[in-house]
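I have placed the structure first, in the form of structure tokens, so that the comments after it can refer back to it.
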Amino acid sequence: MSKIKHLYWRAGFGLSPQEWEERKNWSIAKAVDQLFREAKAAGPLQALNVSSLTKKPTKEQKKMERKYVGRQNTACLVRMANPNESAFMERMSLFWHGHFACSSKLSKLAFNQINTIRKHALGNFRDLVLAVAKDPSMIRYLNNQQNKKNKPNENFARELMELFTIGRGHYTEQDIKEAARAFTGWSSNLSGTFIFRRRQHDFGTKTFMGRTGKFDGDEIIDIILEQRETAQFICTKVYRYFVNEIVDTRIVDQLATQFYQSDYNIEALMRSIFTSDWFYDKKNIGTKIKSPVDLVAGISRSLNIRYDNEQALIFIQKALGQILFNPPNVAGWIGGKAWIDNATMMLRLNLVNYLLYASDVDFRTKSNLKASARNKAMRKLEARVNLAPLQQILSTNNQERTIEELSDFLLQRDPAVDKKLIQQYAQSGTGQDFIKMAIARITSLPEYQLC
Amino acid sequence: MKRRNFIKSSALASTALWVPSFLKGHSTDTLLKTRSGKILIVIQLGGGNDGLNTIVPYRNDLYYKYRPSLGIKQKEVLKVSEQLGFNPEMQALQSLYDQGLLGVINNVGYPNPDRSHFRSMDIWHTASDSTEYLSTGWLGRYLDSDCKGCITPYHALEVDDSLSLAMKGIYNSGFAMGDAKRLRKATDNRFLKAIAQQEHDHDHENIEYLYKTMIDTQHSAEYLYQQSKVYQSKVKYPNTPFGKDLKQISELITADTDTKVYYTSLTGFDTHANQKGKQGRLLKQYAEGMKALVEDLKRNNLLNDTLIMTFSEFGRRVKQNGSGGTDHGTANNLFLIGGNLRKAGFFNNGPDLQKLDKGDLIYQVDFRNIYATILENWLEADAPAVLGKNFTKLNIL
């Protein structure tokens, strides 16, 4: 299987037909350079509709906010699929969004958070943690608004250590209490910016991880990052996400040492992963179960899909169990086999069919609050598919050869079933119809769910 | 991967008929009889049902003081004990109470309650502490444990298009089926059936898992569709999606479907405003649904083998709010229905309205004590293994 395609799937969301044609014979070094160049040129996002915050939003305002957050969400998916955007930047943002899992109900805060993440996504991990600690969306999500001197709220301090930096087993309950004191007064105002409320801050002496001093939040983060375990924890998570769920401890140890010695340089870490030989080992290729967002973004990118009604993008995320800006809890998405059950599996296998043939979906997403027991079914995914770019890169009219080329482009591992079967079940069509049908068959193979 | 062995290509290749992995070693004959006696039905009231207006402490002055207009008038309450009575819309449930088929556990909750719907629902689904985050549900972990006869993908069935967290395990999960006919249609794909019949050789567990899930789903959809046609209930259920779900469950049970746990939900209980009418209609629907289900099961001599547990993610604030509703609260009542309860009626006293925590009820029974009891005494499972801790069993089953 192609190493280039592996790189583009793990560092991005696969390749468009043009990209595949242009880059399939590139060296890894050249492709990696290009990915980092694009990501560094990506820059901040331009604001979509965001409304200003009010103390007591009305029902109408809340509804608008939901709509605007929804637009931020679909804009992310559209960017992930767009060959003119940096897919690597989108991939890193998605990873950090899942790592610093945070649910935003306010569009302005959601927007600011994603830009904060983009700014530091390939920078220094210390800057990233500090920026997230000062991010109004996170401050609200983990109750740091309520973290005040004499009345500390430990939520942020606990998750900072348990999930964001060092992981369980390397701190005590007392450390959490002391860290919480250091973050008192880290708050945000109605314009959605960080403010330090001096009167709520505890300036007293704290004892944290064996050190004593008048620490504030910055220094707590410094002390956490001084522990080598933090580098180990982050590298394990990065490896599991970008390389393989099954951790190779020898490699992760090496990465952690390097990450620690580089003073938490994320770019250097990612570069050494993508340029290593082991990244391209057979066991790492085509073995990761695509997340719903990976799946949808990948389909759009490879098959040139534009959604007429972007609600369809929200519907698919909901039905498959991953909604951007709305992770299940602060631990983020678990991933792997947890994405798959009988319901999500059938929807996944049929998804491209629904898009190509505009056929009935007939699936109702859950609503735990609304009075109607179930949400209305989304019957059609209104989308336009443009297969012309894909047709252009096919070299022949020969059906057998076409199946080979399409599989090669669309799949990250050889199908376990005989390719003749695909041909047989696509044969009722001729010319373009055959290609369309072959795409529908190949993308409904279980192998298509892997990257 | 203890019980559900992965697909062995030879088994598929060597048989002309398409037979999924979990049927290996079972003749169709024995498979149809592997359901071991007892059945659990879990019913989720989504949105946070107001327990105080469900089981009303009609003798308590504080109740009327906190709820001057929302409180249910003494003369309207369906009184069943010296202290407690049902919401007037729940006549149907009262009849089950009168027959000794209903058990009510008051003040059920957990330490450090969370008032967010989503978080509290997750806590109920995963049976976690309120400070921990688990990614598997209590019934999912039951499927993962060495549960007796757990060989089919539909051992635990949720009547919905998608699967709740409660039903998700690491190795095994429940099965989601909103409607037997629609599921069958979604799986009715010639090509997917053809690839299922092919010989496969998988070199990675993830691809193996995907093929297995696909094949299991195809077969299960067909089996459940056939099962759904075996018996047509004559009992009248509420003419709502919830009523339809209950009817489907009852028909599947009567058809001796190889499913031990059923899961369904009724939502809309988030009554911040104009609660009385809204909650009343939902409670009526719930109560009449339960009555119909019980009648159906009784006719088919299955009531003694069935236990129905009804819960909500939290109860509501004791004091009514300014819009004729109530805000998110904490402890709540939980219902058990069945022909085989050790203790029918009220398990414990109603809430103590004198001792509140910032205006909220204080829980007395941890819901995980109830889960533990059901797991051990009803499902014959190892409760500490499933719940990760030892919770004392209650004298209810």
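The values are calculated or read from the model by the stated rules, or taken from the named source; none is laboratory data. This is a predicted model, so every value here is computed, not measured. FYI the Cβ positions are ideal-geometry reconstructions off the backbone, even for glycines, and counts take in every protein chain you see. Note: areas computed on protein heavy atoms with side chains; ligands, DNA, RNA excluded. Shrake-Rupley method; radii C 1.70, N 1.55, O 1.52, S 1.80 Å.
Would you mind getting the accessible area per residue of the protein assembly as shown, heavy atoms of the protein chains only, 1.4 Å probe, in Å²? That works out to 39 Å² per residue.
Amide H contacts of residue B:317: B:327, B:328, B:329, each under 5 Å away and 5 or more positions distant or on a separate chain (H built 1.01 Å from N in the peptide plane; Pro and chain starts excluded).
Given the pairs A:105/A:436; B:65/B:244; B:247/B:278, which span a C-alpha to C-alpha distance of over 29 angstrom in this model? Table pairs above 29 Å Cα-Cα are A:105/A:436; B:65/B:244. Within the straight-line cut-off of under 19 Å between alpha carbons, the aspartates and glutamates reachable from residue A:56 are A:65, B:327, sequence neighbours fewer than 8 places apart in one chain being disregarded. Surface calculation, 1.4 Å probe, protein heavy atoms: residue A:170 sits at approximately 80 Å² accessible. Legend: distances between Cα atoms for B:181/B:291; A:3/A:419; B:193/B:236; A:5/A:237; B:38/B:284; A:366/B:284; pairs beyond 32 Å are B:193/B:236. Net charge in the neighbourhood of residue A:384 (other residues with Cβ under 13 Å of its Cβ; Lys, Arg +1, Asp, Glu -1) is -1.
A cut-off under 13 angstrom between Cβ atoms defines the neighbours of residue B:327, and their net charge, with Lys, Arg +1 and Asp, Glu -1, is +3.
Applied to the range B:282-295, the Karplus parametrisation 6.51 cos²θ - 1.76 cosθ + 1.60 on θ = phi - 60° returns per-residue 3J(HN,Hα) values of 5, 5, 4, 4, 4, 4, 5, x, 5, 5, 5, 4, 4, 4 Hz, with x for Gly and Pro. Close amide H partners of residue B:333, meaning residues 5 or more places away or on another chain with modelled amide H under 5 Å apart, are B:51, B:107, B:108. Taking A:396, B:392 and ordering them by how much accessible surface each has at a 1.4 Å probe, largest first, produces B:392, A:396. What do you get for the angle between helix A:311-320 and the principal long axis of chain A? Use alpha-carbon atoms, 0 to 90 degrees, nearest ten. Relative to chain A, helix A:311-320 is tipped by roughly 80 degrees.
Taking the protein heavy atoms of the range A:292-449 in the context of the full set of protein chains, the accessible area attributed to carbon and sulfur is 43 percent at 1.4 Å.
Between residue A:26 and residue B:205, the FRET efficiency estimated from the beta carbon spacing at R0 = 22 angstrom works out to 0.10. Relative to the Cα centre, the charge distribution of the protein assembly as shown, modelled as +1 at Lys and Arg Cβ and -1 at Asp and Glu Cβ, gives a dipole magnitude of about 2360 debye. Between residue A:308 and residue B:193, the FRET efficiency estimated from the beta carbon spacing at R0 = 45 angstrom works out to 0.90.
Counting heavy atoms of the protein chains alone, residue B:308 has an accessible area of about 0 Å² for a 1.4 Å probe.
Quick one: buried accessible area between A and B, total over both chains, 1.4 angstrom probe, nearest 100 Å²?
Chains A and B together bury roughly 4600 Å² of accessible area.
Per residue, the convex hull spanned by the Cα atoms of the protein assembly as shown measures out at 161 cubic angstrom. Each label was represented as a point 7 Å from its Cα along the Cα-to-Cβ direction; for residue B:229 and residue A:331 these points are 4.3 nm apart. Rolling a 1.4 Å probe over the protein chains gives residue B:330 an accessible area of about 20 Å². Between B:109, B:339, B:322, the residue with the greatest mean-square fluctuation in the GNM of chain B (Cα pairs under 10 Å linked by springs) is B:322. Ordered by solvent-accessible area of protein heavy atoms (1.4 Å probe), largest first, the residues A:186, A:278 come out as A:278, A:186. When the other protein chains are added to the chain by itself, burial of at least 30 square angstrom of heavy-atom accessible area (probe 1.4 Å, ligands and nucleic acids ignored) affects these residues of the range B:204-240: B:204, B:205, B:206, B:207, B:209, B:210, B:211, B:213, B:214, B:217.
Spin-label model, residue B:73/residue B:181: points 7 Å from Cα along the beta carbon direction are separated by 4.6 nm.
Its alpha carbons give the range A:329-370 an Rg and a Dmax of 13.4, 38 Å.
Only Cα sites of the range A:1-129 enter the Debye sum here, all with the same form factor; the resulting log10 I(q)/I(0) across q = 0.17, 0.22 1/Å is -0.91, -1.27, listed in q order.
A simple count of charges around residue B:188, restricted to other residues whose Cβ falls under 15 Å of its Cβ and scoring Lys, Arg +1 and Asp, Glu -1, yields +2. Can you give me the C-alpha center-to-center distance between the range B:189-214 and the range A:105-172, rounded to a whole angstrom? Cα centroid of the range B:189-214 versus Cα centroid of the range A:105-172: 42 Å apart.
What the Cα atoms of the range A:292-449 give is an Rg and a Dmax of 16.8, 55 Å. Computed over the Cα atoms of chain B, pair by distinct pair, the Kirkwood hydrodynamic radius stands at 22.0 angstrom. When the trypsin sites (Lys or Arg not before Pro) in the range A:1-102 are filtered for DSSP coil states and for at most 12 other beta-carbon atoms within 10 Å of their beta-carbon, the remaining sites are A:55.
Taking amide hydrogens as placed 1.01 Å from N in the peptide plane, the amide H of residue A:86 sits under 5 Å from that of no residue at least 5 positions away in sequence or on another chain.
The ellipsoid equivalent to the alpha-carbon distribution of chain A has semi-axes of 41, 27, 18 angstrom, derived from the gyration tensor eigenvalues as √(5λ) and listed largest first.
Do any residues of the range B:261-283 lose at least 50 Å² of accessible area when the full set of protein chains is present rather than just their chain alone, and if so which, with a 1.4 Å probe? Relative to the lone chain, where solvent access is computed with a 1.4 Å probe, the range B:261-283 loses at least 50 Å² at B:267.
Since only B:104, B:92, B:52 are under comparison, the one whose Cα sits farthest along the positive direction of the charge dipole of the range B:41-126, derived from C-beta charges on Lys, Arg, Asp and Glu, is B:52. Fully extending the segment from residue A:60 to residue A:263, taken as 0.36 nm per residue of separation minus the present Cα-Cα distance, adds 68.4 nm.
Along the range B:298-303 the Karplus relation, 6.51 cos²θ - 1.76 cosθ + 1.60 evaluated at θ = phi - 60°, assigns HN-Hα couplings of 5, 3, 9, 6, 10, 5 Hz to successive residues, with x for each Gly and Pro.
Straight-line reach from residue B:234: which aspartates and glutamates fall under 18 Å, measuring Cα to Cα and dropping same-chain residues less than 8 apart? Cross-link targets: B:245, B:251, B:256, B:288, B:295, B:296. Ellipsoid semi-axes for the range A:89-234, based on the Cα gyration tensor and the rule √(5λ), read 23, 20, 12 Å when sorted largest first.
Which entries of A:288/B:260; A:134/A:337; B:79/B:343; A:290/A:318 show an alpha-carbon separation above 22 angstrom in the structure shown?
Listed pairs above 22 Å: A:288/B:260; A:134/A:337.
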